[in-house]
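The values are calculated or read from the model by the stated rules, or taken from the named source; none is laboratory data. Remember, it's a predicted structure, so these values are computed and weren't measured experimentally. No Cβ is skipped: glycine too gets one built from the backbone with ideal geometry, and neighbour counts run over all protein chains shown.
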Amino acid sequence: MIGPPRRFHGPAVIAVFLALVTFVSSATSQQSSAPVTPGSIHGVVLDREGTVCEGAHIALVQAGPAASPARTAISDSEGRFVFGDVPAGPYQLTFSSSGFASQTVSGVLHSGESFEAQPIVLLVSTASSEVQVTASRVEVAEEQVREEEQQRVLGAIPNFYVTYVHDAPPLTSRQKFSMAWKTSIDPITFLSTGAFAGIEQATNSYSAWGQGTEGYAKRYAAGYADNFIGTMLGSALLPSLLKQDPRYFYKGTGTVRSRILYAIANAVICKSDSGRWQPNYSSITAGFASAGISNLYYPAANRNGMSLTFENFLIDKATGAAQNIFQEFVVRKLTPRIPNYNSSKP
């Protein structure tokens, strides 16, 4: 038979409660007083082929109660790394190496634990690399020559032998011969030769050639021969042999007087392929040579030996000086297609 429920008197209940509190407090105190010892973290770094990655950079950062300055390590020849005396608590490891994408792993280190991390596999970085390709001086010169061959006064008259780039790279021999040939066979060259031959015909210059179609043809042939020989000798053959630049380097700045003197001087001086100013041996020699060669096909009555040679040479230099002055002050304004080089002078 079940009897009536027992009743606990107040003092007994209080005594039991106090005993329980004392037991729990004692257990908690014993647990919190247990020693917390540092641990270690170690592992190995590999690439995607499974080859050990030597020299990888590993950074250890801890947060929370174990927070401390970041520590770093470098993987050895076997790809291994180790961090010793690591306080227990959360941590973060960051792995990086040149040419590979960085990786980060996190975890919690327990008191006294020697933690062997899973092998870290670094992947090749997919970041794009910028590659700068610099054109060679020959390629730059080739591009500038193409631009110069588009220069035409009033859109028609060739103006190939002037550069508006004060530090333009030198021309190769092939480029020098190419420009000379294109100048010689340009339609304007044929037309201008015909015009001068007509003037000579009208003024009866070199009268020994007579008049009519035959006289005009002889004057035309002599005029074209003068231009062709002078251009090939003075702008291609000799500049290639003597390493000189046959172009006129536009000045464009300074006083009017300085620009005029510069233009006149450039009738007898030029830049060498090394960029130095020097006497224009190519032009001077070509002037004498072409003038001497012209004695072979001009009428005997007009062959005055050295007298004609010097006369033609002086005329050529005077004409060159006048053309250079014209280049400095007029031609650029009349040339619609001048290349807009960054390095050109204003």
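A few points about this structure:
- Within segment 146-179, tally of residues that are farther than 18 Å from Ser272 by Cβ, among the small types (Gly, Ala, Ser) and either in contact (Cβ under 8 Å) with a residue 40 or more places away in the chain or assigned to a loop (DSSP other than H, G, I, E, B) (or both): 2
- Selected residue [at pLDDT below 90, assigned by TED's automatic domain parsing to the domain that holds Lys317 and within 32 Å of the chain's Cα centre (by Cα)] from Asp167, Asp226, Asp245: Asp167
- Residues located in segment 230-252, provided they are part of a loop (DSSP other than H, G, I, E, B) and under 20 Å from Ile325 (Cα atoms): Asp245, Pro246, Arg247, Tyr250, Lys251, Gly252
- Among residues of segment 87-111, those that are aliphatic (A, V, I, L, M), outside any loop (DSSP other than H, G, I, E, B) and more than 13 Å from Ala59 (Cα to Cα), counted: 2
- Residue list for segment 183-221, restricted to those being of a type in the set (A, V, I, L, M, F, W, C), in a helix (DSSP H, G or I) and closer than 21 Å to Leu233 by Cα: Ile188, Phe190, Ala221
- Residue selection: Val121 fails the criterion of being closer than 24 Å to Gly50 by Cα, surrounded by 12 or more Cβ atoms within 10 Å (Cβ to Cβ) and without any contact (Cβ under 8 Å) to a residue 60 or more places away in the chain.
- Out of Ala300, Ala291, Ala322, Ala318, sole residue that is under 48 Å from the mean Cα position of the chain (by Cα) and at pLDDT below 80: Ala291
- Answer from Ile58, Ile41 - the residue that is in a strand (DSSP E or B) and in contact (Cβ under 8 Å) with a residue 60 or more places away in the chain: Ile41
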